[in-house]
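Here's the structure, in C-alpha cells; my notes come after.
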Amino acid sequence: MKRLYETAQFVHDVNLSVPNIQPPNGEGFKSIVRVRLLHATVRRRILKLAAKHSEYYDVKTMSTPLNDLHLAYTIAVFSSLLYFVSFPRQGIFLREQKIVDATALWRYIAYVIGAPEGLLKDVKKSKAIMETMFINDLQPGTAAGAVGRTFIKAITGQPLLYPSEETCIAAGQWLLGRDLMKALGIPQARLFNSFTIALKMFPGLLWAYVARSVPFLDRKNIEILRKSTSLLIMSNRFGLKQKRSKFDFQYVPQLDTLEKSISGSSLRGTSRTYTSARVLIRLSLFITVVAWVLYHILGADQGKNASTSG
C-alpha cells in the first residue's frame, strides 16, 4: 500500500499548481526528477539481472526496459486512458478544454521525466498512443496477471472505504472492462457487486456535473479535494505518516519476485460473501434516501398541480 500512496503523492504534486511543477524548487518538479532517477536505477538493475538470467527479461524481444515507448505508454495511462476510457465508463465526460489542458500538463511531465514528449504533441496524438498500446501491446502475461491480482488483494479492506475483495473486483471490471480482467486471470465480478458499484458511482457522478456547472462550487470543490487528498496521503494512520516520499530505490527487482507475487493469488477462494450485511445496509439506506427525495419532489409537484386546478 505504501507504493500506492507514493504514486498518489506524485500525481497530487504535479496537479497541485503551476508553481509546484516549476524548477528548481517546486515539489512537483522535484518528484518528477526523482522518478526519472528511479527509472534509471531500475533500468540498470533489470539489465544486470537479464545479463545473467535471460529468462528474467528478454532484452532482444522486449528492448531496453523502461524505454521511450514504455514511458510514452505510462504517460498515456495517466492521461488519455482517464479521459477517454475510465471517466466515460463512470459516466463522466470532460470538457474539451479540460482535456487539452491536462494533456499539456502530462506532455511537460513527459519532457522532464525523459519520455518522448513529441509523441504527446496534442490530444489526438496522445490518444493515438493509447490506442496503439491497446492494439499492439495489451497482451497480459503471467507477470501482469500477478501484478493485477496482487493489487486487488492489497487494496482490499483498506481505508477509507474498506472495500471487500468482491467490491474491488467489480470496480476493476467496471473501469478496465471484462476482457482485460479475464486476461489478467481475475474472476468475473458478481452481478450484485457490479450493481452496488453503479449505485456508489451515481452520487459522485451527479456532484461532478453539478459542481462544474457552478464556478463557485467548482473552485471550492477543487480546494477541498486538494486539501483532503494531501491529508489522506500524509495520514499517520494509513498514509505516508507525514514523511514525503523521495522515491528511493526500495522495491528492488529480484529473480523470485514474480513467484512470491503469484503464490496464494487465488482471489475468489478467500473473499467474503458478497451479500454481507454491511453492503445490504448501505444499499437499503441509499434506496431509502432516493425514495425520500422522489417522494418530496413528486409530492411538491402534485401540490402545485392541485393548487393550480383549484
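The values are calculated or read from the model by the stated rules, or taken from the named source; none is laboratory data. These numbers were taken from a predicted model, which means no experiment stands behind them. Here Cβ is always computed from backbone atoms with ideal geometry, including for glycine, and neighbour counts include all displayed protein chains.
Table for the structure above
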{"read-out": "Single unsatisfied condition, Asn136 versus (1) free of Cβ contacts under 8 Å to residues at least 60 places away in the same chain; (2) under 20 Å from the mean Cα position of the chain (by Cα)", "value": "(2)"}
{"read-out": "Given (1) surrounded by 15 or more Cβ atoms within 10 Å (Cβ to Cβ); (2) basic (Lys, Arg); (3) more than 22 Å from Val35 (Cα to Cα), number of the condition Lys98 does not satisfy", "value": "(1)"}
{"read-out": "Check on Gly148, free of Cβ contacts under 8 Å to residues at least 40 places away in the same chain and within 30 Å of Glu117 (Cβ to Cβ)", "value": "yes"}
{"read-out": "Matching residues in the stretch 109-125 - criterion: being closer than 24 Å to Arg34 by Cβ and crowded, with 17+ Cβ neighbours inside 10 Å", "value": "Ile109, Ala110, Val112, Ile113, Gly114, Ala115, Glu117, Leu119, Leu120"}
{"read-out": "Leu175 vs. criteria under 24 Å from Asn15 (Cα atoms), without any contact (Cβ under 8 Å) to a residue 24 or more places away in the chain and either assigned to a helix (DSSP H, G or I) or in contact with a Phe, Trp or Tyr (Cβ under 6 Å, 6 or more places away or on another chain) (or both)", "value": "no"}
{"read-out": "Leading residue by the ranking (farthest from the chain's Cα centre (by Cα)) among those in the stretch 52-83 that are touching a residue at least 24 places away in the same chain (Cβ under 8 Å) and over 28 Å from Trp174 (Cα atoms)", "value": "His53"}
{"read-out": "Residue match in the stretch 96-111 (condition: assigned to a helix (DSSP H, G or I), among the charged types (D, E, K, R) and at pLDDT below 90)", "value": "no"}
{"read-out": "Matching residues, the stretch 135-145, being part of a helix (DSSP H, G or I) and loosely packed, with under 14 Cβ neighbours inside 10 Å", "value": "Ile135, Asn136, Asp137, Thr142, Ala143"}
{"read-out": "Top-ranked residue in the stretch 146-172 [being part of a loop (DSSP other than H, G, I, E, B) and not aliphatic (A, V, I, L, M); ranked as farthest from Leu4 (Cα to Cα)]", "value": "Ser164"}
{"read-out": "Unmet requirement for Ser213, which otherwise passes all of (1) under 20 Å from Leu4 (Cβ atoms); (2) at pLDDT 90 or above; (3) among the small types (Gly, Ala, Ser)", "value": "(1)"}
{"read-out": "Yes/no for Leu16 being within 24 Å of the chain's Cα centre (by Cα) and surrounded by 15 or more Cβ atoms within 10 Å (Cβ to Cβ)", "value": "yes"}
{"read-out": "Positions within the stretch 146-178 being small (Gly, Ala, Ser), surrounded by 18 or more Cβ atoms within 10 Å (Cβ to Cβ) and over 24 Å from Pro88 (Cβ atoms), in sequence order", "value": "Ala146, Ser164"}
{"read-out": "From Pro140, Pro159, residue being modelled with pLDDT under 90 and under 30 Å from Thr41 (Cβ atoms)", "value": "Pro140"}
{"read-out": "Any chance Phe84 is modelled with pLDDT of 90 or more and assigned to a helix (DSSP H, G or I)", "value": "yes"}
{"read-out": "Ala72 assigned to a loop (DSSP other than H, G, I, E, B) and crowded, with 17+ Cβ neighbours inside 10 Å", "value": "no"}
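Here is a yes/no grid of residues against (1) part of a helix (DSSP H, G or I); (2) on the phi < 0 side of the Ramachandran plot; (3) among the hydrophobic types (A, V, I, L, M, F, W, C):
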residue: Tyr5; (1), (2), (3): yes, yes, no
residue: Phe29; (1), (2), (3): yes, yes, yes
residue: Ala51; (1), (2), (3): yes, yes, yes
residue: Ser54; (1), (2), (3): no, yes, no
residue: Thr61; (1), (2), (3): yes, yes, no
